[in-house]
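Here is the structure we will look at, set down as structure tokens.
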Amino acid sequence: MADIEAHVTGTVWKIEVKVGDTVEEGDTVAILESMKMEMPVEAEDDGTISEILVSEGQAVSEGDVLMTMD
């Protein structure tokens, strides 16, 4: 199981996947908004999204786990 973490402090602007989706390394799984810039969060490995721990509009800090995947 792998964690997908926020790489910046900001707000979850958009979640691009749902539980059960298969993703490949480099796929955008969410978009964070920080300082009026949109920053994609990418999967670091191939896998299946098993849990989404945040919701759109939620504030997150750098290092927070956004979702997990198998």
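Can you report the number of residues in region 1-13 which are of a type in the set (Val, Ile, Thr) and assigned to a loop (DSSP other than H, G, I, E, B)? Can you show your working first?
As a first pass, look at region 1-13 and keep what is of a type in the set (Val, Ile, Thr): 4, 8-9, 11-12.
Remaining after also requiring assigned to a loop (DSSP other than H, G, I, E, B): 8-9.
Qualifying residue count, region 1-13: 2.
Being modelled with pLDDT under 95 and within 12 Å of the chain's Cα centre (by Cα) narrows it down to one of Glu56, Glu62, Glu44, Glu51, so name that one.
Numbers: Glu56 fails: modelled with pLDDT under 95; Glu62 fails: modelled with pLDDT under 95; Glu51 fails: modelled with pLDDT under 95.
From the options Glu56, Glu62, Glu44, Glu51, the qualifying one is Glu44.
With the requirement that a residue be exposed (fewer than 14 other Cβ atoms within 10 Å of the Cβ), farther than 14 Å from Met69 by Cα and either touching a residue at least 24 places away in the same chain (Cβ under 8 Å) or touching a helix residue (DSSP H, G or I) at 6+ places or on another chain (Cβ under 9 Å) (or both), what does region 15-55 give you?
Within region 15-55, Met35, Glu38, Ser55 meet the criteria.
The values are calculated or read from the model by the stated rules, or taken from the named source; none is laboratory data. This one's a predicted model, so the numbers in the text were calculated from it and none came from an experiment. Quick reminder, even Gly has a Cβ in these numbers, built from the backbone with ideal geometry, and neighbours come from all protein chains shown.
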